[in-house]
Amino acid sequence: MLGRHHLSSMGEYDVIVGQASSLTNIPMQNPVIVTDENVAKFHLEKTKSILRDSGYQPKSIIVHAGEEHKNLETVNYLWKSFLKNGLDRKSTVIALGGGVIGDMAGFAASTYMRGINWIAIPTTLLSIVDASLGGKTGFDLPEGKNLIVSFYPPKLVLADPNFLLTLPERELRSGMAEVVKHGIISDPELFDLCSRGLDWVKANLEEVVKRGMAVKIKVIEEDPYERGVRAALNLGHTVGHAVELVSKFELRHGEAIAMGMVTEADYAERIGLAKKGLTEIIADVLSTLGLPIAIPESMPRQEILRAMRVDKKKNAKGIRFALPVEIGKVELVDVDDLESIL
Ligand SMILES: NC(=O)c1ccc[n+]([C@@H]2O[C@H](COP(=O)([O-])OP(=O)(O)OC[C@H]3O[C@@H](n4cnc5c(N)ncnc54)[C@H](O)[C@@H]3O)[C@@H](O)[C@H]2O)c1
């Protein structure tokens, strides 16, 4: 709850909730800021001036915003821009943006000249409580989301809740889906707080951010490379990723995850794993936050199934789902009869 963590299970680095100005507390060389066109409008100049005040001459690379640009073309553009900007093995990449920017800038840094340092400054709620934590970086292929992934943690994660003040409301809601997920996984009190609705969230961003981050940090410190408990974080994601892909990214990530959580909770209830009524409890909280809870009727089920089968959580026994048992507890279950989930 202090908003300051020192992670050590996958390289040593700090995760701090604080002012963006503390960025320069860690040493860096030749920093280059990677951001997208929307974030640049609001936060690039301020971030640059923080760096300038400490004697740096920051460069910046601006890419298109949106999941549809989280692909090899953009990563390739980043690599080339690093070269053009004269980045060497000692340079530092600063990812200023949501999960899309963090994933791609982190991946580009992980592969450029055998890997260079990077710092994450997440600017969406989703990226603060989820994407920026855990060291996963990567991008999508046309066949599926996040199929190319490497573990490469940043040297620092700096989360400044003030960045969220410029975030469109739809994005804030989307991020709340992951906060609700963290409540379901292991923080029933956080889950209860979520039921207070979006206005309460807006007025208490720092508390939401700190609690949401704490759950993910606990899980990744225990199981950094997803050999066991970390898979709990996939709650809602097997269905959610597929729905997001089939919607051609019309749906925000968190919206798809909200639908995924309700669908998977319903399945867990039907197979007798979850307590009766759990689906309704989860759906109520998501609805209170203005998140969708049902996969649109118009979305072809066969396409969703196909997308789920490409999911990387597949093994010989089927696809591994993280299913809710009760608020605060999930279990990993291999499912081969995917039709029954939908
Ligand atoms: N690496 C991981 O472990 C991990 C975990 C969860 C999700 N993810 C990935 O994260 C991505 C989703 O992240 P996201 O929801 O942050 O999406 P995003 O990065 O696309 O940001 C959402 C939108 O908000 C805009 N934006 C960002 N910050 C803003 C601000 N402060 N003010 C105004 N506008 C702002 C962006 O330009 C974009 O249009 C997905 O690609 C998902 O796969 C990764």
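Could you tell me whether any residue of segment 237-256 is assigned to a loop (DSSP other than H, G, I, E, B), at negative phi, free of Cβ contacts under 8 Å to residues at least 60 places away in the same chain and within 13 Å of the ligand (Cβ to nearest atom)? Yes - at least one qualifying residue is present in segment 237-256. Scoring P122 on the criteria (1) touching a Ser or Thr at 6+ places or on another chain (Cβ under 6 Å); (2) open to solvent by 10 Å² or more (accessible area, probe 1.4 Å); (3) near the ligand (Cβ under 9 Å from one of its atoms) leaves a single failure, condition (2).
I'm trying to understand the selection: among the residues of segment 143-197, which are open to solvent by 60 Å² or more (accessible area, probe 1.4 Å) and closer than 20 Å to T111 by Cβ? Result: V149, F151, K155. If the condition is being more than 17 Å from P122 (Cα to Cα) and open to solvent by 50 Å² or more (accessible area, probe 1.4 Å), then segment 7-24 contributes S8, E12. Here is the figure for segment 143-198: residues that are hydrophobic (A, V, I, L, M, F, W, C), within 10 Å of the ligand (Cβ to nearest atom) and within 14 Å of V129 (Cβ to Cβ) total 5. The residues in segment 38-60 that are open to solvent by 60 Å² or more (accessible area, probe 1.4 Å) and touching a strand residue (DSSP E or B) at 6+ places or on another chain (Cβ under 6 Å) can be counted, and the count is 1.
In segment 48-92, which residues are part of a helix (DSSP H, G or I), among the charged types (D, E, K, R) and under 26 Å from the mean Cα position of the chain (by Cα)?
Just the residues of segment 48-92 that are part of a helix (DSSP H, G or I), to begin with: 48-53, 67-69, 72-84.
Subset that is among the charged types (D, E, K, R): 48, 52-53, 67-68, 73, 80, 84.
If the condition is that a residue be part of a helix (DSSP H, G or I), among the charged types (D, E, K, R) and under 26 Å from the mean Cα position of the chain (by Cα), then K48, E67, E68, E73, K80 are the ones that fit.
Within segment 134-169, if we keep just the residues that are of a type in the set (D, E, K, R) and part of a loop (DSSP other than H, G, I, E, B), the residue that is nearest to R230 (Cα to Cα) turns out to be K155.
Let's see how each residue does on (1) under 24 Å from L141 (Cβ atoms); (2) loosely packed, with under 15 Cβ neighbours inside 10 Å; (3) more than 21 Å from the chain's Cα centre (by Cα):
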site	(1), (2), (3)
H253	yes, no, no
E269	no, no, yes
K276	no, yes, yes
E297	no, yes, yes
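The values are calculated or read from the model by the stated rules, or taken from the named source; none is laboratory data. Computed from a predicted structure; not experimentally measured. Every residue, glycine among them, receives a Cβ derived from its backbone with ideal geometry; neighbour counts consider all protein chains shown. SASA here: full protein model, heavy atoms, side chains in, ligands and nucleic acids out. Shrake-Rupley method; radii C 1.70, N 1.55, O 1.52, S 1.80 Å.
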